[in-house]
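Student: This structure is in structure tokens; I'll ask about it shortly.
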Amino acid sequence: MNEIFTSINEFLGSIFFYDVFFGTIEGASMPFIVAWLIIGGVVLTFRFGFINVRMFSHSYKIITGQYKTADDVGEITPFQSLTTALSATVGLGNIAGVAIAIAVGGPGATFWMILAGFFGMTLKFTEVTLAQIYREKRPDGRIMGGAMQYLSKGLETKGYTRLGKVLAVLFAFLAIGGSLGAGNAFQTSQALGALTERIPFFESYPIAFGLIMASIVGFVIIGGIKRIASTAEKIVPLMVFVYLLASLWILLTNASAVPEAISTIIHEAFAPTAVAGGLIGVLVQGFKRAAFSSEAGIGSAAIVHSTASVKYPVRQGMVALYEPFIDTIVICSMTALVIVTTGVYDPSGEFANLVASKQGAALTAAAYGTVISWFPVILSFSIVLFAFSTMISWSYYGERSWTYLFGEKYTLVYKIIFVLFTVVASITSASTLLEFSDLLILGMALPNLLGLYILQGDVHRNLKEYLSKWKSGELDRECIEKGVCEPE
């Protein structure tokens with residue numbers, strides 16, 4: 001299995017990780033797909049007037065249900081779509097991914113992760129708004145939306161019918177691969193790595209863990225988006241609360257070391273150690289891990305947000321911009337500070353074996369264990385829960401992409417493949433799966449961002465109309481008449 005994944009990685013890497021500097025800068029390499037994400041986030045943030053900042057409080061009111069109307073159409077609530085999308089992002093990307101970024105790129109990678117999260121808020125707003133604009137209701141009542149839809153239908157309205165279809169199909173194939181890789185195999189592998197520290201049985205019989213996870217995941221995903229959303233709505237807030245509470249406790253315990261950790265992060269963001277690969281190297285690590293963590297610009301979360309029940313497409317886009325904020329700016333930053341203040345990322349230190357093997361989840365558990373001796377036990381089992389929540393959400397992304405390509409009647413085939421992949425992942429190396437996951441997830445940004453560039457005018461027009469109604473008080477009157485909000 002490792003040889004198969006290695007061959008796939010080499011092929012995809014030659015395409016998506018092609019150096020845009022063409023080797024002209026000694027010791028520095030900027031992968032094409034990372035540059036693509038950086039430029040996209042910056043351009044759209046300026047294009048929409050820093051929507052990620054100026055509509056932040058209004059977005060919160062939408063999330064808390066203060067702008068419901070009788071005209072809302074969808075399968076799940078805006079809050080359920082947010083928690084389902086967060087269940088796919090808040091997890092091992094925050095726990096394992098941050099540790100790996102710091103181990104490979106040094107503490108400075110944290111700074112670039114936070115910056116990527118900031119620009120990622122606008123990317124997420126844009127893709128989710130488009131998903132709402134171009135979603136369609138199927139004969140069976142289910143909604144088909146996401147990048148596949150706005151790439152095919154949206155580009156068709158601009159006269160790029162053939163290009164739109166090609167990009168939509170490419171995205172769907174990459175999303176299916178991403179769901180099996182990052183959304184399944186990587187989650188299983190990292191969860192297994194953390195759990196074997198507590199239950200040695202799984203170290204000898206890893207396939208047993210794969211079979212258990214496959215059974216539980218299979219039960220939930222067979223029930224479709226409503227069961228997935230209902231499950232995510234219950235476990236995501238609890239997971240985030242417990243994790244942040246433990247992080248705060250450790251940072252308060254190490255309060256004297258926090259200022260130095262922040263100083264180290266900022267300093268090494270611009271003057272990284274040689275091990276980190278220079279400024280470009282640490283920047284690339286930060287943006288790669290941020291993309292893997294928040295999925296902003298990837299187009300995956302747009303699939304579930306397209307099912308949210310709202311009247312205005314922009315409204316759900318505003319809900320979605322909270323994802324990178326919660327996932328990357330808040331949770332990833334907390335994890336990074338814990339890792340830096342405890343010093344477990346040192347490649348020559350006590351946990352050098354975990355750093356070398358890229359066992360990010362186990363490394364983070366070790367960091368928490370330096371202050372709360374018993375917490376790694378809880379974290380190890382929490383990691384399994386994080387992995388599970390990510391898997392059920394990504395199964396939906398993959399299933400919708402599969403359905404787009406092959407039709408509704410073949411969705412069960414995908415679900416069976418997804419469950420089988422869980423078992424395969426339990427007997428494959430973590431390093432190989434990490435590279436495979438990176439390539440597929442980042443690869444989705446290629447067709448997705450091209451679509452965002454071409455269709456940004458649609459988002460701008462919808463945003464302008466929405467802001468006009470908001471400033472005139474029309475949106476407040478809509479909900480005040482139904483007694484569900486207070487005037488802003």
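Student: Could you estimate the translational diffusion coefficient of region 126-245 from the Stokes-Einstein equation, with Rh from the Kirkwood formula over C-alpha pairs, at 20 °C and 1.002 mPa s, in whole µm²/s?
Tutor: Numbers: Rh = 17.5 Å.
Result for D is 123 µm²/s.
Student: Across the Cα atoms of region 62-155, what radius of gyration and what greatest pairwise Cα-Cα distance (Dmax) are found, in Å?
Tutor: In Å, with Rg to one decimal and Dmax whole: 17.1, 51.
Student: Turning to a different aspect of this structure: Applying a 10 Å radius around every beta-carbon, put 156-167, 30-41 in order of their mean neighbour count, most first. Spell out each step's value before the answer.
Tutor: On the way: 156-167: 15.8, 30-41: 21.1.
The densest-packed peptide leads the list: 30-41, 156-167.
Student: Same structure again: Across region 149-164, in residue order, what do the Karplus-derived ³J(HN,Hα) couplings come to in whole Hz, using 6.51 cos²θ - 1.76 cosθ + 1.60 with θ = phi - 60° and x for Gly and Pro?
Tutor: Coupling constants for region 149-164: 6, 6, 6, 7, 6, x, 5, 5, 5, 9, x, 10, 4, 5, 4, x Hz.
Student: Can you tell me the FRET efficiency between D19 and L420 if r is taken as the Cβ-Cβ distance and R0 is 30 Å, rounded to the nearest 0.05? Mind showing how you got there, number by number?
Tutor: Working: r = 36 Å, r/R0 = 1.20.
That pair, D19 with L420, gives E of 0.25.
Student: Along Cα→Cβ, 7 Å out, is where each label goes; now give me the distance between the ones at V42 and E260 in nm to one decimal.
Tutor: 3.4
Student: If a paramagnetic tag sat 7 Å from the Cα of R477 along the Cα-Cβ line, which residues of region 57-73 would have the backbone N under 19 Å from that point?
Tutor: 67-72
Student: Then there's this: How many Å² of accessible area per residue for region 25-85, probe 1.4 Å?
Tutor: Values: 2590 Å² over 61 residues.
I get 42 Å² per residue for region 25-85.
Student: Would you grab the residues whose amide H sits under 5 Å from the one on I143? Only those 5+ places off in sequence or on another chain, please, with H modelled 1.01 Å from N.
Tutor: It is R138, by chain and number.
Student: Quick check: residue separation of R142 and A35 times 0.36 nm, minus the Cα distance between them. What number comes out in nm?
Tutor: Gain on stretching R142 to A35: 34.9 nm.
Student: Moving to a separate point now. If the limit is 26 Å between Cα atoms, which of K124/K234; K234/K469; K234/K464; K68/K158; K61/K153 go over it? List each step's numbers first, then the result.
Tutor: Values: K124/K234 23 Å; K234/K469 34 Å; K234/K464 35 Å; K68/K158 32 Å; K61/K153 31 Å.
Violating the 26 Å Cα-Cα cut-off are K234/K469; K234/K464; K68/K158; K61/K153.
Student: To continue, here is another question. Across region 205-213, in residue order, what do the Karplus-derived ³J(HN,Hα) couplings come to in whole Hz, using 6.51 cos²θ - 1.76 cosθ + 1.60 with θ = phi - 60° and x for Gly and Pro?
Tutor: Each residue's phi maps through the Karplus curve to give 10, x, 5, 5, 5, x, 5, 5, 4 Hz.
Student: So how do 206-213, 465-472, 128-135 stack up, highest first, on mean other-Cβ count within 10 Å?
Tutor: Numbers: 206-213: 19.0, 465-472: 14.1, 128-135: 28.4.
Descending mean neighbour count gives 128-135, 206-213, 465-472.
The values are calculated or read from the model by the stated rules, or taken from the named source; none is laboratory data. The structure displayed is predicted, hence computed values, not measured ones. Ideal geometry is used to build each Cβ from the backbone, glycine not excepted, and the neighbour counts take in all protein chains shown. Accessible surface is based on the protein model in full, side chains and every heavy atom, while ligands, DNA and RNA are left aside. Shrake-Rupley method; radii C 1.70, N 1.55, O 1.52, S 1.80 Å.
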